[in-house]
Structures are given as C-alpha cells and as structure tokens.
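The values are calculated or read from the model by the stated rules, or taken from the named source; none is laboratory data. These figures come from a predicted structure and were not determined experimentally. All Cβ positions, even for glycine, are placed from backbone atoms using ideal geometry, and neighbour counts span all protein chains on display. Just the protein is used for accessible areas: all its heavy atoms, side chains included, with ligands, DNA and RNA removed. Shrake-Rupley method; radii C 1.70, N 1.55, O 1.52, S 1.80 Å.
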Amino acid sequence: MTDKQTKAFGAGGPLVYVLALVVVALTLGPVLYGALGGFRSNEQLASDPAGLPDPWVFTNYSTVLTNSEFWRYALNSTVVALITTVVAVLAGVMAAYPLARYQFRGREGLFMVFVLGLLFPAAVAIIPLFILVTRDLQLGNTWWGVALPQAAFALPITVVILRPFLMALPRELEEAALIDGASRVGIFWRLALPLSMPALVTVGVLAFVTSWNAYLLPLLLLQDDMRTLPLGVADYSTEHSADTAGVLAFTTIAMIPALILFLALQRRIVGGLTGAVKG
Amino acid sequence: MTHEGATGPVAPTLTEVVTRRDERRVAPRPVGTGWRQRLEIVMFVSPALALMAVFILWPVLSAVRMSFYRWKGFGPMDQWVGLNNYRLVLQDEVFTDAVMHNFTIVVLSILIQLPLGLGLALLLNRRIRGRGLLRTIVFVPYVVAEVIAGVIWFQLLQPQYGVVDTVLTNIGLTPPEQGFLGTPDLALPTVFVVLTWKYLGLAVLLFLAGLQGVPDELYEAAQLDGASWWQTQRRVAIPLIGPTIRTWAFLSIIGSLQQFDMIWVLTHGGPANRTTTMATYLVEQGTERGNYGIAGAASVLLFVIAFVTAVAYQLIVLRRDTKVDR
C-alpha cells in the first residue's frame with residue numbers, strides 16, 4: 001500500500017469512529033478473550049466468562065511454556081514450514097524465470113499448467129496423497145512427508161506471483177550482463193534473484209504462514225510427537241476440555257509466531273506485491 | 001485494475017490468473033536459441049513440474065482411479081465396481097446435504113460478507129485517525145490459523161458457560177439450550193458467523209487496495225458536481241473497483257467449496273450431519289471408515305463441482321472485466 005493521500009473526502013465524523021470501535025472490538029474480542037483467558041483460573045472463567053483476570057494467574061502460560069510437548073510441536077511446525085518455504089520459493093522462482101524472461105513456443109501453455117494448479121484443492125487429492133506419502137514414499141510421520149506436498153501445492157501461487165515481477169525487471173541490466181559475458185544461468189543467480197528479493201519475501205511469507213496454519217494434511221500424516229502446533233492445539237483442547245484456561249493459554253501462544261511474522265513483514269509483503277504488480 | 005491487489009497477499013495473483021491480461025505487454029525478447037536454451041528451460045522448470053506431478057497430479061489421478069474400485073485401503077485394488085461408488089455417494093443424503101451446506105456458505109458469503117466488507121473498506125478509506133492501525137487490526141483474524149480461531153470460538157460458544165451465552169443471558173435473552181453449535185438448525189449459521197469473522201479482513205484489505213487505485217480527480221470532479229459522499233462512493237468508487245470485487249468473490253467461492261478446517265474443529269460435521277461439507281465427508285469416508293473408493297468418488301465430485309463453478313463464474317462474471325474494463 002503506497003502511502004498515497006486518501007482520496008475519499010470527508011474526515012470521519014463521530015459516527016465513523018464509533019463504527020470503527022465496534023469493528024475493532026468484534027475483531028479483536030475473541031483473540032483478546034483467548035489471551036486474557038489464559039491469565040485466569042478455571043474458577044474465574046466459570047464464575048464470570050466475560051470478566052477480566054482477577055487476580056492475574058500466570059501458571060497456565062508457564063505450564064505451556066515448560067511443557068516439552070509444546071516445544072516439540074513448535075519445532076515440528078517451524079521445520080515443516082521452513083522446508084516448505086525453501087522448496088516452494090526455490091522451485092517457484094526457477095520455474096517463473098524462463099516463463100518470464102525466455103521466449104519459446106508453448107510458454108503460455110506451460111504457464112497455464114501452473115494456473116490450473118490453483119484449481120486443485122488439497123482436499124481433492126488428500127486420500128491418495130496420504131497413501132502415496134505413507135506407503136509408497138515411506139515418509140509418513142516425517143517433516144519432509146508433509147513439507148514436500150505442501151510445497152507442491154504452494155507452487156502455483158508462487159509462480160503466478162513471481163512471473164509478472166520477473167517480467168518487469170529492466171531489460172537493460174540483463175543486456176549489460178550479457179555483454180559482460182554472463183550466462184543466462186549466471187544472470188539468474190546474480191541478477192534476477194537479488195533483484196526479486198521483495199517478491200521472494202512475499203511468496204515466502206505466504207508459503208510459511210500457510211504451512212504454519214495448515215491442518216488437513218498434517219492431520220492425516222503426523223501423529224504423536226511429530227504433530228505440528230495446529231494439531232497440538234486441536235488435540236489439547238479435546239483432551240483437556242475441562243481445563244479451559246490451559247487450552248486458551250496454549251492456543252494463544254500457538255498463534256503468536258504467525259501474527260508476529262505478519263506484523264513484522266507487513267510492509268515488505270505489501271511492498272513486494274506492489275512491486276510485482278506495478279513493476 | 002493493476003493496483004487493486006497491492007495489499008492483499010493473494011489478490012494480484014488471482015486477478016492475473018483469472019483475467020490474464022498483462023502478460024503480453026512485457027513480452028521479453030528472445031535471447032539465445034536452440035538446444036542450449038531448451039536445456040536451460042528444462043533445467044529451470046523441471047523441479048517445480050516434478051513436485052507438482054508427484055504430489056498433485058498423481059494423487060488426483062489416483063483419486064479418479066480409486067473411485068472405480070471397491071477398496072478398503074489394504075490388499076490389491078482389484079474389485080472394479082464401475083460407477084457404483086458415484087451412485088452410492090450421490091444417493092447418500094449426507095453427501096448431497098454436504099453439497100447444500102457448501103453452497104449455503106457460498107451464497108451467504110456473497111450476500112453478507114460482500115456488503116459488510118465493502119462498507120468497512122469505504123469506512124476505512126476515509127481520512128480518519130489511526131487508519132493504518134485499523135487496517136492491520138481488521139486483518140488479524142485472517143492471519144490466525146483456522147484451527148486456532150476454531151478452538152477459541154468453540155470456547156466462546158460453549159453452551160451456558162461460554163461468553164456468548166453469558167452475555168445473551170445477561171441482556172435478558174435465552175440462548176439455545178444445547179448451545180449454538182449443538183442446535184441442529186443453528187449450527188451452520190453459527191459456523192458461518194465464525195467464518196465471516198475469520199475472512200472479512202481479506203475482503204476489506206482487497207477492497208481497500210482497489211480503492212487506492214481510484215484516481216483522486218474522479219472524487220474531486222464528483223465533489224465539484226455537488227455529489228454527496230455516499231453518491232460518490234456509489235456512482236464512482238464502487239463501480240471502479242468492480243474487478244476487485246469479482247476477484248474476491250471468486251476466491252470466496254472456491255474457498256467455501258473446499259471448507260474443512262473450521263468445521264472439523266467446531267462441529268466435526270455435526271450435530272446430526274447438519275454442518276458436513278464435501279471435504280469433511282470425504283475425509284471421514286477415507287480415513288475414519290476406510291471406504292477409499294467412496295472417498296475417491298467424493299473427491300472427484302468435489303473437484304468437478306469446484307471446477308464447473310469456477311469455469312461458469314469465469315464465463316459469466318469475470319469475462320466482463322476483460323471486455324468492459326480495459
């Protein structure tokens with residue numbers, strides 16, 4: 001979002017601010033309920049579900065943070081998301097490069113393959129995918145077993161975002177490099193990759209957050225101490241359904257990394273996309 | 001049009017995909033020819049194609065194959081049953097209801113999330129204090145995992161002891177006895193409310209980005225002509241972000257047809273199968289009951305339904321963009 005001046009005339013009247021406040025309350029309410037609920041005891045939650053912590057209880061959070069299972073899930077989530085991101089971004093930018101900078105017959109057709117990939121929801125392939133990964137590849141209950149299919153499903157959107165960005169890179173740079181005797185592959189590594197960093201961050205964050213939040217595929221493929229955080233949260237909340245405060249603390253901590261990543265990189269993400277779209 | 005995706009992670013891409021316009025404008029020129037170039041292309045593209053072939057194409061084809069067999073998940077797949085699995089699935093009321101639920105979510109999304117999202121985007125496009133912060137806040141639920149949002153809402157919606165029921169009781173209303181998620185007639189609408197909470201931020205962000213692309217001069221001209229704020233929005237801004245709105249609707253439709261996570265966490269498809277979706281149906285048939293043939297048939301049907309809907313939408317609605325807006 002470039003910081004253009006607002007075009008809509010009329011600053012907000014009081015009504016606009018009231019509306020905005022309502023929206024903020026409705027949006028953040030559930031999240032805050034989770035975060036604050038983690039600071040209350042189950043008795044507090046039972047006697048006044050909508051109240052504030054009184055007194056503040058820290059044991060729920062400390063229990064989660066000292067729980068080795070929680071850290072195990074966090075580790076799994078992190079590693080799976082990292083593998084997914086690296087594989088998707090690397091394979092994606094490699095595929096997008098010739099689609100953007102080479103001219104050859106069947107180029108648009110090849111691009112359509114990636115576009116069509118967008119139309120295949122993971123749910124359609126989930127059962128055979130489960131069989132493929134666990135039986136044929138023997139990768140059931142491993143990081144790679146989840147990360148590779150996730151990377152594959154992240155590829156279409158990655159290529160589709162990266163291609164216009166790569167197309168917009170100035171041709172002069174490429175020509176100068178060619179004159180200096182660089183090969184096309186050298187141009188890819190030393191010119192195209194560094195120049196498209198903002199777009200790579202964008203697709204990387206998308207792939208990372210999608211993997212971090214994924215549920216269906218890990219649900220089928222991972223058990224026990226290979227589970228990721230979403231599975232951990234869902235299972236914890238069924239197993240400890242009586243311990244509402246504990247569930248809320250667990251849930252709150254699990255959502256923090258994705259939120260921080262988004263907030264920290266918000267400008268880069270937006271900048272990358274703006275660059276990709278405007279050239 | 002090119003600006004509207006500027007802020008949404010998914011926006012420009014799908015716009016590009018769906019409408020595919022800009023490509024030929026910046027066609028790179030040929031450099032290097034012959035086998036060397038071909039080799040380079042193959043080298044660059046093959047990792048991506050290999051991954052997609054193994055983990056997308058092959059499983060999808062397997063689902064098709066599986067759908068013609070009666071197979072319990074072990075032993076050889078040799079009991080060919082033709083179209084019998086499809087017959088079973090289509091005659092299964094749980095599945096046809098699931099399709100209905102998916103389309104209910106599709107229709108409600110358009111009818112409710114579109115006006116809400118548009119209203120919020122217009123509101124946030126005004127020159128108010130803290131606008132940047134507001135935009136970030138509105139997007140927070142979208143970043144939170146569906147499972148995590150589901151677990152929190154599950155707690156909020158607990159019958160009697162949950163916050164929602166408590167608040168309703170305090171203001172003198174009687175919440176349903178079995179809770180919102182436990183009452184058959186209320187379960188799906190309740191799930192939809194939670195989905196709206198989760199996904200409204202995306203709509204707002206996309207629409208806002210679209211509004212950024214509306215030139216100042218148009219507002220000024222409208223203002224000079226004596227148009228009110230609302231008239232300006234209605235006659236100038238909203239028509240101009242039409243393409244963004246249609247792209248959002250496309251995303252929303254596809255997402256609604258694939259819905260799984262939130263429902264699995266909130267209701268598991270219950271009570272009495274009143275919130276099943278095609279995805280929950282096929283996962284349950286496949287992993288929980290071991291009816292792999294049936295799951296395969298349901299997968300194929302899900303794909304066909306999603307594909308036909310996407311193509312129909314493209315033909316009916318999105319085609320206008322290519323014709324009119326450019």
Practice task
Looking only at the range A:31-69, count how many residues are in a helix (DSSP H, G or I) and of a type in the set (Asp, Glu).
Solution key: 2
Problem - helices (runs of 4 or more DSSP H) completely within the range B:107-162 that count 1 or more residues being surrounded by fewer than 16 Cβ atoms within 10 Å (Cβ to Cβ) and of a type in the set (Gly, Ala, Ser) - result: B:114-124, B:131-143
Problem - Positions within the range B:282-302 being under 23 Å from B:VAL191 (Cβ atoms), at pLDDT 90 or above and facing chain A (nearest Cβ under 10 Å), in sequence order - result: B:LEU282, B:VAL283, B:GLN285, B:ALA295, B:ALA298, B:SER299, B:LEU301, B:LEU302
Problem - Residue within the range B:100-113 that is closer than 30 Å to A:VAL24 by Cα and more than 29 Å from the chain's Cα centre (by Cα) present - result: no
Exercise for the section: Could you look through the range B:76-106, keep only residues that are in contact with a helix residue (DSSP H, G or I) (Cβ under 7 Å, 6 or more places away or on another chain) and among the aromatic types (Phe, Trp, Tyr), and pick out the one that is most open to solvent (accessible area, probe 1.4 Å)? Expected result: B:TYR86
Practice task
Being among the polar types (S, T, N, Q) and either modelled with pLDDT of 85 or more or closer than 20 Å to A:LEU26 by Cβ (or both) narrows it down to one of B:THR244, B:THR183, so name that one.
Solution key: B:THR183
Handout entry: Residues of the range B:167-178 satisfying the condition of being without any contact (Cβ under 8 Å) to a residue 40 or more places away in the chain and under 23 Å from B:MET100 (Cβ atoms)
Key = B:PRO176
Practice task
Tell me which residues, restricted to the range A:241-265, are buried (at least 18 other Cβ atoms within 10 Å of the Cβ), aliphatic (A, V, I, L, M) and more than 30 Å from A:LEU200 (Cβ to Cβ).
Solution key: A:ALA245, A:VAL247, A:LEU248, A:ALA249
Problem - Members of the range B:225-241 that are in a helix (DSSP H, G or I), surrounded by fewer than 18 Cβ atoms within 10 Å (Cβ to Cβ) and either more than 11 Å from every other protein chain (Cβ to nearest Cβ) or polar (S, T, N, Q) (or both) - result: B:GLN231, B:ARG234, B:ARG235, B:PRO239
Practice task
Filter the range B:246-259 down to residues that are more than 14 Å from B:TYR199 (Cα to Cα), of a type outside the set (S, T, N, Q) and surrounded by 22 or more Cβ atoms within 10 Å (Cβ to Cβ), then give me how many there are.
Solution key: 1
Completion exercise
Among the residues of the range B:53-112, the number that are of a type in the set (Val, Ile, Thr) and free of Cβ contacts under 8 Å to residues at least 12 places away in the same chain is 4
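So that you can scan it fast, the table gives a plain yes or no per residue for (1) more than 10 Å from chain B (Cβ to nearest Cβ); (2) in contact with a His (Cβ under 6 Å, 6 or more places away or on another chain); (3) part of a loop (DSSP other than H, G, I, E, B); (4) without any contact (Cβ under 8 Å) to a residue 40 or more places away in the chain:
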residue: A:TRP71; (1), (2), (3), (4): yes, no, no, yes
residue: A:LEU82; (1), (2), (3), (4): yes, no, no, no
residue: A:ALA95; (1), (2), (3), (4): no, no, no, no
residue: A:GLN103; (1), (2), (3), (4): no, no, yes, yes
residue: A:LEU110; (1), (2), (3), (4): no, no, no, yes
Practice task
Evaluate the following for A:THR63: is it open to solvent by 40 Å² or more (accessible area, probe 1.4 Å), among the β-branched types (Val, Ile, Thr) and in contact (Cβ under 8 Å) with a residue 24 or more places away in the chain?
Solution key: yes
Fill in the blank from the handout: Of those in the range A:208-247 that are free of Cβ contacts under 8 Å to residues at least 24 places away in the same chain and among the hydrophobic types (A, V, I, L, M, F, W, C), the residue farthest from A:VAL146 (Cα to Cα) is A:VAL247
Practice task
Within the range B:48-61, work out how many residues are crowded, with 20+ Cβ neighbours inside 10 Å and of a type in the set (Gly, Ala, Ser).
Solution key: 1
Problem - Residue in the range B:26-42 that is modelled with the lowest pLDDT, counting only those that are more than 8 Å from every other protein chain (Cβ to nearest Cβ) and assigned to a helix (DSSP H, G or I) - result: B:GLY34
Practice task
For the range A:112-121, name all the residues that are more than 7 Å from chain B (Cβ to nearest Cβ) and either charged (D, E, K, R) or open to solvent by less than 40 Å² (accessible area, probe 1.4 Å) (or both).
Solution key: A:PHE114
Exercise for the section: Can you work out which of the residues in the range A:42-93 that are under 24 Å from the mean Cα position of the chain (by Cα) and of a type in the set (Ser, Thr, Tyr) is farthest from A:LEU195 (Cα to Cα)? Expected result: A:TYR73
Exercise for the section: Evaluate the range B:193-212: report whether one residue or more is within 24 Å of B:GLY255 (Cβ to Cβ), in contact (Cβ under 8 Å) with a residue 40 or more places away in the chain and assigned to a loop (DSSP other than H, G, I, E, B). Expected result: no
